[in-house]
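Asks: Here you go, one structure.
Computed from the coordinates by the stated procedures, all read-outs in this text should not be read as laboratory data. Treat the numbers as computed from the prediction; the structure is a model and nothing was measured. When we count neighbours, we look across all protein chains shown, and the Cβ atoms used for this are built from the backbone with ideal geometry, even at glycine.
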Amino acid sequence: MKVQKKDIEIKSGLEKEWIIGNGIGGYSSQSIIGANTRKYHGLLVASLMPPGRRFVILSKVDEAIFFKDTNKEEILYTNVGRNYISEGYKNLDSFEKEYYPTYNFSTNGVEITKSIVMVYGQNTVCVHYKVENKSNQDIIFKVTPIMNYRDFHRDNYNHEYSVHQSINGNKVRVTIDGNKISPIYMFLKEGKYIEHQNDVFRNIYYIQEEKRGFQPEENLVVPGRYEIELNKNESKEFTFVCSLEATIEEIDGKKIMKHEEKRLEKIISDSKLLIEKDKLTKEEKERNETIKTLIIASDLFVVYRPKFALHTILAGYPWFLDWGRDTLISFEGLLLKTKRYDIAKQILLMFTRDIKFGLVPNGYSGYDSRPLYNSVDSSLLLFEQVMKYIEYTGDYEFIKINLYEILKNVVKMFQKGIDFENSNIYVDEDGLVSAGTENTQLTWMDAKVNGMAVTPRSGKAVEINSLWYNSIKILEFLSDKFDDKETKEDMSKLSQKVKRAFNRKFYNEKKKCLYDVLGDDKIRPNQLFSLSLTYPVINPSSDKAKNIFDTVTKELCTKYGISTLSKKDKLYVGVYEGDSFKRDMTYHQGVTWPWLIGLYVESFKKIIDAEKDKKEKAILEEKYNKYIKSMKKVYRKALFESGAVGNISELYDSKLPYNPGGTVAQAWSVSEIMKLELENEK
């Protein structure tokens with residue numbers, strides 16, 4: 001992906017951003033013109049307790065060129081204050097990102113290439129420069145690191161820094177505010193380092209934080225600068241390194257860039273997803289570029305938890321960690337489609353290692369890695385992903401040895417009842433699962449404001465009971481495979497009971513769809529779980545199934561996929577904007593979530609496969625192909641032209657101009673768009 005100078009202007013340049021990771025939860029992120037627009041932006045956002053405790057360390061690096069003969073300075077940096085914008089972006093010729101971001105500048109005969117790459121597995125960032133002085137005068141190239149030291153959720157508004165530096169040649173050890181536990185190291189082999197005294201960048205302004213209702217300004221510290229001299233017609237390459245590791249003198253940014261290219265190229269190659277032949281059509285080239293970009297995007301979410309010696313999946317950047325629900329929904333698209341089966345096994349082990357009372361953790365604390373259990377669906381989503389893992393790998397042995405007894409225990413605990421942390425999960429006399437209270441949020445629609453559930457869904461929720469039926473059927477299937485006759489018989493009886501009760505109680509004859517929760521007739525996308533799973537609780541060939549699907553199509557389909565509430569509902573809000581209160585109040589009240597496309601597509605396929613009438617089947621297939629084509633077109637554009645370039649946002653407005661919102665890079669969004677992109681392929 002490349003943005004040329006003609007397309008670089010301040011508004012879009014501040015709205016588009018990029019993000020790369022280091023494989024342990026740390027990341028580097030900025031706008032495509034080099035300005036920071038969020039408090040979460042930084043060239044080194046380090047994970048002090050991987051993948052949690054993320055701290056902004058290196059906010060940015062500003063560059064300038066001093067021309068000796070004319071005694072003039074040209075800036076390359078762009079910073080934003082309330083009443084000014086430094087205009088280094090005017091010297092930006094292009095921005096590009098494939099494996100990592102690269103800025104290409106030129107001014108007065110000097111050409112500069114700036115690439116940013118993280119050392120995989122370390123809290124280390126490299127900023128590699130190639131400077132070609134084609135001017136007719138000698139220059140000094142200035143590299144100025146601008147630093148911070150704070151939890152990335154906080155801000156340093158009006159903060160006065162205490163900075164201590166130990167300087168050994170061009171290697172600098174910096175402690176900020178007396179923190180000696182995690183000192184910061186900087187090194188640049190070329191030129192010389194000049195220490196600054198009490199130099200503070202005051203009131204840098206974050207546009208996106210203002211929009212989100214948070215403090216938009218903070219102070220940053222400028223410990224010093226590096227100066228590299230170049231004679232006329234001289235070229236140099238050098239790397240500025242910032243790290244929490246002490247041994248950084250031998251790091252070569254060019255080698256790190258090559259290593260990262262090879263690492264990602266191997267993941268792409270091992271996936272065997274790209275079309276490889278001598279001559280590709282225009283469509284095949286576009287398809288390959290999209291798949292390649294999605295694979296690179298998917299890798300961002302796959303990170304390592306050293307404490308557990310297992311990989312996990314982060315839900316979204318910049319602010320989410322690993323959540324059980326998001327991980328399991330993302331599982332197929334991120335790992336199985338890309339043939340990362342060894343990591344897929346680790347993920348299944350990761351999210352079953354801390355099961356408590358039959359509950360798969362919904363996440364882990366970012367501060368002490370403590371498992372959190374505020375979820376009813378994570379445990380049931382596990383069954384579907386176990387089945388998906390088997391479909392892709394045929395590895396029954398791994399499931400039998402590591403997960404079968406765990407799955408049996410989950411069903412047993414649901415039947416017994418779970419009241420851990422007010423979860424109030426139990427199987428009622430009709431066989432259906434009831435969960436939560438009016439003050440708890442255990443499903444994916446989990447927004448809460450001042451202790452109040454915005455979308456209260458306690459009781460018998462449609463997707464929970466669809467997942468419950470599916471889980472029972474999968475356990476029935478596995479018990480037959482593993483010759484566990486008693487479990488098979490029990491699950492067979494229970495599944496029949498659940499299916500009868502579900503079909504009798506959930507169908508809303510008036511609206512021709514399913515109740516979202518028994519007693520709640522809002523039209524929401526959660527009913528698609530009844531059709532889309534391995535074992536659909538609603539028969540796909542039935543009139544009920546067709547009615548459900550038609551209602552969802554008419555009421556919830558938008559340009560970017562499926563919205564969270566019918567636009568006819570009095571609570572519908574199709575735009576996600578405003579401060580945190582307003583956004584939380586509208587989070588699941590009508591905006592579009594890309595991951596829901598997967599439920600819709602799977603439901604569509606199930607209905608087509610079940611259709612017996614050849615003429616009707618052909619009509620459905622034509623509609624299906626048209627839908628897939630239109631969604632591919634929408635998300636190929638979104639992938640490269642909005643939000644974080646090369647990634648997919650958490651959600652999109654359901655109204656023009658369909659702005660992205662939430663996290664700029666979301667695991668289950670990328671997962672479902674990966675699956676979408678591979679639809680209709682043999």
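Asks: Could you give the nm distance between label points at Trp319 and Thr437, where each point is 7 Å from its Cα heading toward the beta carbon?
Replies: 2.7
Asks: A further question on this structure: Show me the ranking of peptides 381-387, 365-371, 253-259 by mean Cβ neighbours inside 10 Å, starting with the highest. Mind showing how you got there, number by number?
Replies: On the way: 381-387: 24.0, 365-371: 14.1, 253-259: 17.1.
The peptides rank, most packed first, as 381-387, 253-259, 365-371.
Asks: Can I ask one more? Once every DSSP H run of n ≥ 4 in the chain is given -39500 (n - 2.57) and the sum is divided by its residues, what mean residue ellipticity at 222 nm do you get, rounded to the nearest 500 deg cm²/dmol?
Replies: Details: 17 runs with 225 residues, N = 682.
It comes out at -10500 deg cm²/dmol, rounded to the nearest 500.
Asks: So, one more: Taking the mean number of other Cβ atoms within 10 Å as a proxy for protection, how do you rank 184-196, 214-226 from highest to lowest? Intermediate values should be presented prior to the final figure.
Replies: On the way: 184-196: 18.3, 214-226: 20.2.
Descending mean neighbour count gives 214-226, 184-196.
Asks: Work out how much length His196 to Asp93 would gain on full extension: take 0.36 nm times their residue separation and subtract the Cα-Cα distance, in nm to one decimal. Could the numbers behind the result be given before it?
Replies: Working: separation 103, 0.36 × 103 = 37.08 nm, distance 3.08 nm.
34.0 nm is the gain from fully extending His196 to Asp93.
Asks: Of the cross-linked pairs Lys285/Lys546; Lys460/Lys512; Lys412/Lys505, which ones have a Cα-Cα span greater than 27 Å in the structure shown?
Replies: Working: Lys285/Lys546 37 Å; Lys460/Lys512 19 Å; Lys412/Lys505 24 Å.
From Lys285/Lys546; Lys460/Lys512; Lys412/Lys505, over 27 Å: Lys285/Lys546.
Asks: Can you give me the C-alpha center-to-center distance between segment 235-273 and segment 403-452, rounded to a whole angstrom?
Replies: Result: 45 Å between the Cα centres.
Asks: Now a separate question. Compute the distance in nm between two label points, each set 7 Å from the Cα along the Cα-to-Cβ direction, one at Lys554 and one at Gln4.
Replies: Calculated label separation equals 4.8 nm.
Asks: Too long at a 18 Å Cα-Cα cut-off: which of Lys554/Lys614; Lys554/Lys655; Lys488/Lys605; Lys559/Lys632; Lys345/Lys606? Can you show the working numbers first?
Replies: Values: Lys554/Lys614 24 Å; Lys554/Lys655 16 Å; Lys488/Lys605 28 Å; Lys559/Lys632 11 Å; Lys345/Lys606 28 Å.
Correct reply: Lys554/Lys614; Lys488/Lys605; Lys345/Lys606.
Asks: Between beta-carbons, use under 12 Å as the cut-off and find the net charge around Leu381, counting Lys and Arg +1, Asp and Glu -1. Each step should come with its number before you reach the end.
Replies: Working: positive: Arg325, Lys388; negative: Asp326, Glu332, Asp377, Glu384, Glu463.
Local net charge: -3.
Asks: Would you kindly state how much longer the chain becomes between Leu518 and Asp342 on full extension, computed as 0.36 nm times their sequence separation minus their alpha carbon distance, in nm to one decimal?
Replies: Residue separation times 0.36 nm, minus the Cα-Cα distance, leaves 59.3 nm.
Asks: Still on this structure, please answer the following. Once label points are set 7 Å from the Cα along Cα→Cβ at both Ser580 and Asn680, what is their separation, rounded to one decimal in nm?
Replies: The two pseudo-label positions are separated by 4.4 nm.
Asks: Still on this model: For helix 667-677, report the angle its Cα long axis makes with the longest principal axis of the Cα atoms of the chain; keep it between 0 and 90° and round to the nearest 10°.
Replies: Once rounded, the angle reads 70 degrees.
Asks: For a quick check: sort Ile116, Ile628 by the number of other beta carbons within 10 angstrom, fewest at the front.
Replies: Values: Ile116 25, Ile628 17.
Taking fewest neighbouring Cβ atoms as first place, the list is Ile628, Ile116.
Asks: Give me the distance between the Cα centres of segment 152-187 and segment 28-95, rounded to whole Å.
Replies: The two parts, judged by their Cα centres, are 18 Å apart.
Asks: Moving on. If packing is taken as the average count of other Cβ atoms within 10 Å, what order do 510-518, 323-331 fall into, highest mean first? Mind dumping the intermediate values first?
Replies: Details: 510-518: 20.6, 323-331: 27.7.
Peptide ranking by packing, descending: 323-331, 510-518.
Asks: On a full-extension model of 0.36 nm per residue, what is the gain between Tyr157 and Asn402, subtracting their alpha-carbon distance, rounded to one decimal in nm? Intermediate values should be presented prior to the final figure.
Replies: Working: separation 245, 0.36 × 245 = 88.20 nm, distance 4.95 nm.
83.3 nm is the gain from fully extending Tyr157 to Asn402.
Asks: Please report the equivalent ellipsoid semi-axes of segment 272-677, computed as sqrt(5 x eigenvalue) of the Cα gyration tensor, largest first, in whole Å. Walk me through the numbers before you get to the answer.
Replies: Numbers: eigenvalues 168, 129, 116 Å².
Square roots of five times the eigenvalues give 29, 25, 24 Å.
Asks: Something else about it: Nearest 10 degrees, 0 to 90: what angle lies between the long axis of helix 485-505 and the longest principal axis of the chain (Cα atoms)?
Replies: Orientation of helix 485-505: about 90 degrees from the principal axis.
Asks: Which entries in Lys16/Lys568; Lys39/Lys448; Lys97/Lys266; Lys192/Lys232; Lys130/Lys637; Lys16/Lys262 show an alpha-carbon gap greater than 21 Å?
Replies: Numbers: Lys16/Lys568 33 Å; Lys39/Lys448 23 Å; Lys97/Lys266 18 Å; Lys192/Lys232 19 Å; Lys130/Lys637 31 Å; Lys16/Lys262 26 Å.
Violating the 21 Å limit, Cα to Cα: Lys16/Lys568; Lys39/Lys448; Lys130/Lys637; Lys16/Lys262.
Asks: Only residues of segment 637-660 count here: report those whose backbone N is under 18 Å from the spot 7 Å along Cα→Cβ of Lys282, or say none.
Replies: 637
Asks: Okay, moving on. What's the FRET efficiency of Phe66 with Lys266 using the Cβ-Cβ distance as r and R₀ = 60 Å, to the nearest 0.05? The partial results should precede the final answer.
Replies: Values: r = 42 Å, r/R0 = 0.70.
So, using R0 = 60 Å, E works out to roughly 0.90.
Asks: Using only the alpha-carbon atoms, how far is helix 462-481 inclined from the longest principal axis of the chain? Give it as 0 to 90 degrees, nearest 10.
Replies: 80
Asks: Less than 14 Å Cβ to Cβ from Ala461, Lys/Arg counted +1 and Asp/Glu -1: what total charge do the surrounding residues give?
Replies: Details: positive: Arg325, Arg457, Lys460, Lys505, Lys522, Arg524; negative: Asp377, Asp428, Glu438, Asp446, Glu463, Asp516, Asp520, Asp521.
Summing Lys and Arg as +1 and Asp and Glu as -1 gives -2.
Asks: Determine the sum of side-chain charges near Trp595: Lys and Arg each +1, Asp and Glu each -1, restricted to other residues whose C-beta is under 11 angstrom from that of Trp595.
Replies: Working: positive: Arg325, Lys675; negative: Asp326, Glu650, Glu672.
Net of charged neighbours comes to -1.
Asks: Any idea how far the Cα center of segment 326-357 sits from the one of segment 616-682, in Å?
Replies: Segment 326-357 and segment 616-682 have Cα centres spaced 23 Å from each other.
Asks: Normalising by the residue count of the chain, find the relative contact order in percent from Cα pairs under 8 Å and 6+ residues apart.
Replies: 11
Asks: Sticking with this structure for a sec: What fraction, in whole percent, of alpha-carbon pairs in the chain exceed 37 Å separation?
Replies: Working: 92839 of 232221 pairs.
Percentage above 37 Å: 40.
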